[in-house]
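The next block holds one structure in the form of structure tokens; read it before the comments.
The values are calculated or read from the model by the stated rules, or taken from the named source; none is laboratory data. In this text the structure is predicted, and so the values were computed from the model without any measurement. Cβ: placed from backbone, ideal geometry, glycine included. Neighbour counts: every protein chain shown.
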Amino acid sequence: MALILENIAQHVTLNSQEQEFILSKTEIKHYKAKTILLNAGEICKHSYFVNSGVLRSFNINDNIVEHVLSFACSGWWISDMYSLLSQKPGNLFIQVIEDAEVVILSKENQEILYKEIPQLERFFRILIEKSLVAHQERLMDNLSLTAEERFEKFCKKNLDLIQKVPQKQIASYMGVTPEFFSKMKSRLLKK
């Protein structure tokens with residue numbers, strides 16, 4: 001069974017015809033590392049499901065500093081939710097960090113799937129709810145935890161990403177400079 005169908009099956013039950021219909025409305029593409037799938041200022045027209053590899057979403061501020069919003073590895077979804085849902089230009093870039101195989105679901109096909117397979121509305125509602133909870137938790141962590149505590153928590157949740165993602169991108173995700181991150185990591189390793 002395709003990984004995307006396993007992902008969906010975690011939350012809703014589909015028959016084989018519905019599974020085939022979903023696969024018919026998606027496209028699988030392979031991307032090399034550093035490929036940009038979405039640029040800030042564009043309207044996001046797709047959700048991306050990662051079969052293999054790693055992607056990230058990030059923003060670049062006026063001082064040309066990158067701020068990583070999220071990572072996505074095998075079995076995870078990624079998109080610019082603001083732009084995808086509002087169909088307005090977004091603020092995020094989506095980039096391939098590690099060579100990846102990605103399942104692409106267009107906004108148009110997602111709407112068709114909602115109409116033809118109503119359980120998918122429930123599935124995507126659950127994904128959005130989980131994403132909202134994760135973003136709220138991250139915001140609260142940024143307000144109440146030290147950088148070291150945030151890094152330890154990140155490591156516990158995302159051990160597989162530590163080896164695949166450049167340290168400067170993890171530092172950006174943590175909200176610290178690469179220099180501070182390197183010193184912090186050294187202190188934690190000595191403990």
Only unsatisfied item for Leu132, checking (1) under 16 Å from the mean Cα position of the chain (by Cα); (2) within 22 Å of Glu20 (Cα to Cα); (3) surrounded by fewer than 13 Cβ atoms within 10 Å (Cβ to Cβ), is (2)
Looking at region 107-122, can you tell me whether even one residue there is aliphatic (A, V, I, L, M) and touching a His at 6+ places or on another chain (Cβ under 9 Å)? no
Select, from Lys32, Lys115, the only residue that is among the basic types (Lys, Arg) and more than 24 Å from Asn158 (Cβ to Cβ). Lys115
Of all residues in region 90-117 being in contact with a Ser or Thr (Cβ under 6 Å, 6 or more places away or on another chain) and of a type in the set (Val, Ile, Thr), which is farthest from Gly41 (Cα to Cα)? Val103
Kindly indicate the residue of region 21-47 that is loosely packed, with under 12 Cβ neighbours inside 10 Å and among the charged types (D, E, K, R) and also farthest from Glu116 (Cα to Cα) among those meeting that condition. Lys34
Here the residues within region 37-69 that are without any contact (Cβ under 8 Å) to a residue 40 or more places away in the chain and either touching a Gly at 6+ places or on another chain (Cβ under 8 Å) or of a type in the set (Ser, Thr, Tyr) (or both) are Ser57
Among the strands (runs of 3 or more DSSP E) confined wholly to region 1-68, which include 3 or more residues that are under 18 Å from the mean Cα position of the chain (by Cα), at negative phi and of a type in the set (Phe, Trp, Tyr)? 46-60
In region 114-143, what residues are modelled with pLDDT under 95 and either on the phi > 0 side of the Ramachandran plot or hydroxyl-bearing (Ser, Thr, Tyr) (or both)? Ser131
